[in-house]
Amino acid sequence: MKLQEFYQRFELDTSLVQKAGFNPYYPVIQSGLNDQIIVEGEKFINLASNNYLGLANDSRVKEACSKAIENYGVSLCATPIASGYSELHANVVQKLSKFVGMESAIIYPSCYQANNGLFSVIAGKEDIVIIDRSSHSSLIEGVKSAGCKIRPFLHNNMTYLEKILKKISGYRQVFVVTESVFSTEGNVAPFREIVELCKRFNAIPVIDDSHGIGVIGERGRGILEYAGIKDFHGIYTASLGKSIANSGGIICGKKSIIDYLRYYSSHLVYSTAILPSVLAGINKVLDIINDEFSELSRKIWQYKSKISKSLQDSGFDLTDSVTPITSIMSGNSLDTLLLAKELFENKILSTPFVYPSVPYNEGRIRLIAGANLSEATINFYASKDYPKKLRRIKYYDEETGITFVFLTNNFELDALEIALLYKYRWQVELFFKWIKQHLKVKKFWGTSENAVRIQIYCAIITYTTVAIIKENLKSPLSIYEILQILNVSLFDKTPLNELITKPYIQNVKELNCNQLTLFEF
Ligand SMILES: Cc1ncc(COP(=O)(O)O)c(C=O)c1O
């Protein structure tokens, strides 16, 4: 392959970002995680980090980190098995295993590395791993690299998991792998049931508690405390870069397996040991959690409920999160980026998840308010006008049995409402007729005389349908896109029947309408 061709292979497809006019990834942060942060020169509220307890910029933690630098320097410049294992390291490892309620622990430079390296040590081709299909990429990649048989199970579905456990036989060892708190949805695995099932079927449970440690459980000790599990016989992993506000990843378990990993896990043995300052930071955070968890936790829950309520009042669909995570169901990738853009323009930093991080049309915008934020800041942003402009509309059409979901805003809806109510109502019906005739859509929703709301939705649906047909897309479009495609503004007073005659509509006729796909949710 020619050099030029080689590099061409890596050219990014930027069409989505171009359509949205916004790239939410790799924002340039220019301050520590304070009550507000500086992003690209401007003040933002940060709802995009996993700094649950707000300790990443805590003066006590920073002081502990500085002291460790004085004592040990910035690095021991060695892998832990060689000369990278300090007294501080040994103490923190012990403290962590006690904290989460396990016998023994080791610290990897990151949890990605820990999850990635674990399975190639504990599982081989004679074994099978049954894994929740929504598990984090580090677990999935780790399992894949082990060369064992893999069976995904439906997310948090215990009936399905039990079915698989009953069916399989002949493997040396069965592992059941899941996360505790699922970070895009904010829901929690039924881990007690998983552990019971594992006991019944002689399987080893493996849990990634990255978003649970320091967050769930009465004292913030994570999933085992939360689920009331004592003497856990499985393997526990967690990131130290979220509520623990540092970096690194732990694997905890029975002493024999941890000792084995200390010598045979290449992801640990051949990688420079975690830095002394980071270890001191972890150490300090664990002390703070011991002393202050109830107050810190009270804050994050209070902030979470304010944010969720504000979004729900504005018509957003949220996931059923039972943790401090608030997650907006934002539809397709473009809608997700557009919503993140809208938030960004209102100086709110959020985390948008688009395909392939999440399934098609299951985009999410995650918001986490850390305990470092002030109540005044939360109140200011929660009461701002911004979310009230944005709305997700769900419309279930009884005739077709299809649910349509649109991202729109009150402003546009108002404009439509007025237009339809007072001026163009009859034209909507004409427009439907035209669509039925020309596009051979047999089952189409009727225009209900008594429901003005339906009329409004119908108009939006009509726009959408045209746009879907025109673009021959398989996913619904946001009102923003539709307007863009139709090249109209809702202030444009062109009656709908005139719109029909515009060139874009004529193009529609040329398409093969059998390909019409109305996306089903
Ligand atoms: C569930 C889960 N596991 C593992 C990781 C990786 O952790 P780390 O950042 O320590 O590598 C993450 C981080 O995004 C995570 O969310």
Note to self: Applying a 10 Å radius around every beta-carbon, put 24-37, 253-266 in order of their mean neighbour count, most first.
What the structure shows: 253-266, 24-37
Note to self: Can you compute 3J(HN,Hα) from phi for each residue in the stretch 192-202, using the Karplus curve 6.51 cos²θ - 1.76 cosθ + 1.60 with θ = phi - 60°, rounded to whole Hz and x for Gly and Pro?
What the structure shows: 4, 5, 4, 5, 4, 4, 4, 4, 4, 10, 6
Next item on the list: Could you pull out every residue, at least 5 positions away or on a different chain, whose amide H is within less than 5 Å of the one on I204? Hs are placed 1.01 Å off N in the peptide plane, and Pro or chain starts have none.
Entry: V174, F175, V176
Check: If you count, for each residue, the other Cβ atoms within 10 Å and average over each peptide, how do 167-174, 228-235 line up from highest to lowest?
Finding: 228-235, 167-174
Margin query: Students often check this: by mean Cβ neighbours within 10 Å, which of 100-107, 7-14, 156-163 ranks highest, and how do the rest follow?
Written below: 100-107, 156-163, 7-14
Note to self: Need the full-extension length gain, T272 to K98, defined as separation in residues times 0.36 nm minus the C-alpha distance. One decimal, nm.
What the structure shows: 60.2 nm
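Rule-based calculations on the coordinates, nothing more; no lab input. Values in this document were obtained by computation on a predicted structure and should not be read as measured data. With ideal geometry, Cβ positions are generated from the backbone for all residues, glycine too; neighbour counts draw on all protein chains shown.
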